[in-house]
Amino acid sequence: MATHRGGDATPAGQRFWERDAGLETSIDILINNAGVWMTDYQKTKDGHEMTWGTNHLGHFLLTELLLPLIEKAPEGRIVNVSSLGHESSPVLDLTTIDDAANYAGFVAYCKTKLANVMHARELTRRLRARGNTTVTVNSLHPGAIATEIGRDLNIFLKALVSVALAGTVAIALENDSVLSSGDIYPFLKSWKDGAQTSLYCALSTDIKGVSGEYFSSNFFDLPSLTILKILKDCARKDVAHTAKNDLACKQLYDYMAI
């Protein structure tokens, strides 16, 4: 199994492929889970907007590089860790996707999560069109997890997210780490709980042969919060209308493959 995670992901994916892909005769599972959420505009080493480069470009490149090995597996599975945030994304404008003008961290993050879903749908279509029925590609929302994805947010945004997610104000002034500690968030999922939908998509026999779909976890780890939009763990869910545009999915894939 190959798990893709970390920063500036495009060169990292290339290095992983060059270093490790030759050691395998096939790959059964690829989980694309690199993710950042940047307050300020930054660029990757190869000149792309950092969120776009890390959360999507790296996923796409590594998937393309490893796809021949995944196709050799009896039932290869590709899993894109997306987010409920894809529903908040505007329509992708690929002519301005890397621009600094009007940059907003949350919007940039949501765009990448929409692209993750679109990638799963379009790659499924292309695989089936060329006769491959064994490889599956799905995307998912893992829930709100106590990770360090917000480590690059400024202190104001960390406080704002604290209030929005947990209903509490928790500003760790000493180490500036509101989103770095699960102890601050009694409602957030642990890393173990947050991985369950990813593992379900990677391993469950219940979805053997299912591809191009989107699965969602409970948003919070507190079922009694009925006023919130609580979703069943590992449930198949409809995607945002913008992700259903087949032409846009094709255009995104073609753009990435250039």
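The values are calculated or read from the model by the stated rules, or taken from the named source; none is laboratory data. Remember, predicted model here, so these are calculated numbers, not experimental data. Backbone-built Cβ (ideal geometry, glycine too); neighbour counts: all protein chains shown. When the accessible area is computed, the model is the full protein with side chains, heavy atoms only, and any ligands, DNA or RNA have been set aside. Shrake-Rupley method; radii C 1.70, N 1.55, O 1.52, S 1.80 Å.
Just grab the label-to-label distance for residue 91 and residue 103, each label 7 Å out from Cα along the Cβ direction, in nm (one decimal).
2.6 nm
Per 0.36 nm of contour for each residue apart, how much would the distance between residue 245 and residue 130 grow if the chain were fully extended, relative to their Cα-Cα spacing?
Full extension from residue 245 to residue 130 adds 39.3 nm.
In terms of solvent-accessible area of protein heavy atoms at a 1.4 angstrom probe, what is the ranking of 110, 234, highest value first?
234, 110
Looking at this model, which pairs from 208/244; 192/244; 45/237; 113/208; 43/113 are more than 26 angstrom apart at the alpha-carbon?
Checking Cα-Cα distances, 192/244; 45/237 exceed 26 Å.
What are the residues whose amide H is under 5 Å from the amide H of residue 235, where those residues sit 5 or more places off or on another chain and H is modelled from the backbone?
Hits under the 5 Å cutoff: 216.
Using a 1.4 Å probe and ignoring any ligands, DNA or RNA, find the accessible area of residue 206 and quote it in Å² to the nearest 10.
120 Å²
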